[in-house]
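To keep things clear, I will list the structure first and then write my remarks on it.
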Amino acid sequence: RSTLSSSSAASDVYKRQELDIVDTENKKVGKVEASSNVFEARVRDELVQRYVTMQLAARRGGNAATKQNKGELHGSNAKPWRQKGTGRARSGNTRSPVWRGGMTVFGPSPRSYAFSLSKKSKKIAIKSVLTERFKSQNISVVDSIVLEQPKTKDLAAILKKMSLPSKTLFIISEKNQNFQLAARNLPYTNVLLVDGLNVFDLLKHERIVCTKDALQKIEERLN
């Protein structure tokens, strides 16, 4: 499980660094400077935790339901026996909560657990995770990834050549059908568009690999 350190403070000053750009053969082909506003931001653990909670809450079904009023039950409105003289408790309806098969008092009903965060909070949370990944040297930049056919074995070979762990998240700037299809059969490797960038996926993977174009779009989105 990935965690974030709480050592960063508002007064921290990070030295601007450059990231190596490599190809799919893991050979260095250039450098790119990382934006200090995105990859050297203040780490806000509380917003990261809130963001993940928001994502998990949105996934909850909230479908638990019980019958809480007489209109939802089958049965007669007739009084089962007279009020007095039978020696039994007074009863006005067989759908009473105290009867077997009757309605439920204060039972669950379908609901949504989803809640939202402000756009500013979401950006800060994503920046916090990217900063932590950058500081721990778990972000790589690849020039481009081109697969002639959507074959999983070809992508697995690229992972091996680049010495990437199985839990790798590739971030791309635009749809790449062959690449995305090839990654589907790798259980811990995922491909994400910049537009879908989120904290849960960034934390879930050990290594983040983004294309040069994707890195630029991330900075444009978060700046």
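The values are calculated or read from the model by the stated rules, or taken from the named source; none is laboratory data. Given the structure is predicted, the values throughout are model-derived calculations rather than measurements. All Cβ positions, glycine included, derive from the backbone under ideal geometry; neighbour counts span all protein chains shown. Calculation scope for accessible area: heavy atoms of the full protein, side chains included, ligands and nucleic acids excluded. Shrake-Rupley method; radii C 1.70, N 1.55, O 1.52, S 1.80 Å.
Points to keep in mind about this one:
- Checked against the criterion of being closer than 30 Å to L147 by Cβ, of a type in the set (A, V, I, L, M, F, W, C) and touching a helix residue (DSSP H, G or I) at 6+ places or on another chain (Cβ under 8 Å), the range 37-47 has at least one qualifying residue.
- Exclusive hit being at positive phi and not small (G, A, S), set Q149, Q137, Q177, Q216: Q137
- Of all residues in the range 143-163 being among the charged types (D, E, K, R) and either part of a strand (DSSP E or B) or touching a residue at least 60 places away in the same chain (Cβ under 8 Å) (or both), the one that is least open to solvent (accessible area, probe 1.4 Å): D143
- Being among the hydroxyl-bearing types (S, T, Y) and modelled with pLDDT under 90 is a condition met by at least one residue of the range 14-21.
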